[in-house]
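In what follows, a structure is listed as structure tokens, so that the remarks can point back to it.
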Amino acid sequence: MAVDFSNAVKTDEGVQVNGVVMQQIVEQCEGCERIKEFEGGKYCGSYPQPAVKWKLGSCNFATHTKSAPAKGKAKVNPLKASKRAAKGR
């Protein structure tokens, strides 16, 4: 869901869109395709507080970052593995 900045209003707290205050992007957001510009500021078109998304790691909305592939093998249920082996798969 992308934010439409056509009815946005600039306030002291930030840009207000449909009652939600949008905060400016953080440095990690640079390069993302979801960035929207409004009155000289850059804002995320998907999330009102971009700094919160980057606090615990990578933002799940970021289009410019790739998630790391899972390391190691997937866990296999031993009961299912033994049944597959018995069937000859």
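The values are calculated or read from the model by the stated rules, or taken from the named source; none is laboratory data. Worth saying up front: this structure is predicted, and the values here are computed from it rather than measured. Positions of Cβ are backbone-derived with ideal geometry, glycine not excepted, and every protein chain shown enters the neighbour counts.
Each residue in segment 62-81 was checked for being surrounded by fewer than 10 Cβ atoms within 10 Å (Cβ to Cβ) and modelled with pLDDT of 80 or more, and 6 of them qualify. Contact map, segment 4-22: residues that are within 12 Å of PHE38 (Cβ to Cβ) paired with residues that are surrounded by 12 or more Cβ atoms within 10 Å (Cβ to Cβ) and among the basic types (Lys, Arg), Cβ distance under 6 Å, separation 6+ or inter-chain. Pairs shown: PHE5/LYS36. Inspection of segment 46-64 identifies at least one residue that is touching a Cys at 6+ places or on another chain (Cβ under 6 Å), farther than 12 Å from VAL3 by Cα and hydroxyl-bearing (Ser, Thr, Tyr). Looking at GLU33, GLU37, GLU27, just one residue is among the acidic types (Asp, Glu), at pLDDT 85 or above and within 13 Å of the chain's Cα centre (by Cα), and that residue is GLU33.
Among the residues making up segment 33-52, those that are surrounded by 15 or more Cβ atoms within 10 Å (Cβ to Cβ) and among the small types (Gly, Ala, Ser) are GLY45, SER46, ALA51. Within segment 1-42, the set of residues being of a type in the set (A, V, I, L, M) and not in a loop (DSSP other than H, G, I, E, B) comprises VAL9, VAL15, VAL17, VAL20, VAL21, MET22, ILE35.
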